[in-house]
1. Which residue is nearest to the chain's Cα centre (by Cα), if the candidates are limited to segment 147-167 and must be aliphatic (A, V, I, L, M) and crowded, with 19+ Cβ neighbours inside 10 Å?
2. If you take the residues of segment 44-55 that are basic (Lys, Arg) and in contact with an Asp or Glu (Cβ under 9 Å, 6 or more places away or on another chain), which of them is least open to solvent (accessible area, probe 1.4 Å)?
3. Can you tell me which condition Phe25 does not meet? The list is (1) modelled with pLDDT of 95 or more; (2) open to solvent by 80 Å² or more (accessible area, probe 1.4 Å), and all the others hold.
Amino acid sequence: LTLINDILELSRLESGRNPLDCRRFDLRQCVEELTAVFYDMAEKDDRNFSVKLEITDTMVEGDPHKLGQILNNLISNAFKYSRNGDRVEVTVKQFHFQQHSKYQFTVEDTGIGMSEQFLEHIFDPYARETRFTSQTVTGTGLGMPIVQSLVQQMSGEITVSSTLGEGTTFTIVVPLQIVEGEQA
């Protein structure tokens with residue numbers, strides 16, 4: 001079912017039939033609600049999980065559902081590809097840029113990392129790094145192409161850096177319009 005849903009999601013994104021649902025929302029609340037479930041997972045799986053919010057304007061206009069999909073996928077992967085005692089950290093920062101603010105979302109882990117060869121293919125459908133882990137990790141290999149498509153749809157950018165055996169950092173920057181005054 002997950003594979004079918006991922007294939008359908010990717011197909012909708014590639015065909016442009018999954019438009020943004022822009023609306024006003026509280027970014028701080030959105031991130032806190034999304035990440036809340038991961039604290040229990042971290043305790044159960046012996047991971048150090050933290051969330052840092054460095055934002056001044058929390059009321060923004062954008063698509064909270066798609067932003068949630070992106071963060072959920074990245075944080076889930078950080079947990080999947082980390083070990084007992086590893087750290088998973090989510091940081092959200094705000095940067096002012098003309099009439100929009102740019103918000104940077106970073107998901108960093110001290111997990112197993114990825115090889116340089118695989119990094120070149122991380123956004124390819126069905127690509128998965130499986131050579132360097134003894135863990136059985138389930139997945140379709142469609143999560144990262146979906147994340148990349150969603151970020152691009154939001155006029156954002158995504159970068160990844162990783163070192164095998166040391167961890168991975170995903171950085172996403174998306175413009176979100178600040179909602180001020182009575183509108184907020």
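The values are calculated or read from the model by the stated rules, or taken from the named source; none is laboratory data. It should be emphasised that the depicted structure is a prediction, and the values quoted were computed from it without experimental measurement. Don't worry about glycine lacking a Cβ; one is built from the backbone with ideal geometry, like all the others, and counts go over all protein chains shown. Remember, those area values only see protein heavy atoms, side chains included, never the ligands or the DNA or RNA. Shrake-Rupley method; radii C 1.70, N 1.55, O 1.52, S 1.80 Å.
1. Within segment 147-167, the subset aliphatic (A, V, I, L, M) is 147, 150-151, 154, 158, 160, 164.
From the residues that got through so far, the ones that are crowded, with 19+ Cβ neighbours inside 10 Å too are 147, 150-151, 154, 158.
Values: Val147: 7, Leu150: 10, Val151: 9, Met154: 13, Ile158: 9 Å.
Out of the qualifying residues, it is Val147.
2. Arg47
3. Status for Phe25: all satisfied but (2).
Table: residues versus (1) among the β-branched types (Val, Ile, Thr); (2) open to solvent by less than 60 Å² (accessible area, probe 1.4 Å); (3) closer than 15 Å to Gly156 by Cα.
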site	(1), (2), (3)
Cys30	no, yes, no
Glu33	no, no, no
Ala42	no, yes, no
Asp57	no, yes, no
Gly62	no, yes, yes
Ile75	yes, yes, no
Asp86	no, yes, no
Thr91	yes, yes, no
Asp109	no, yes, no
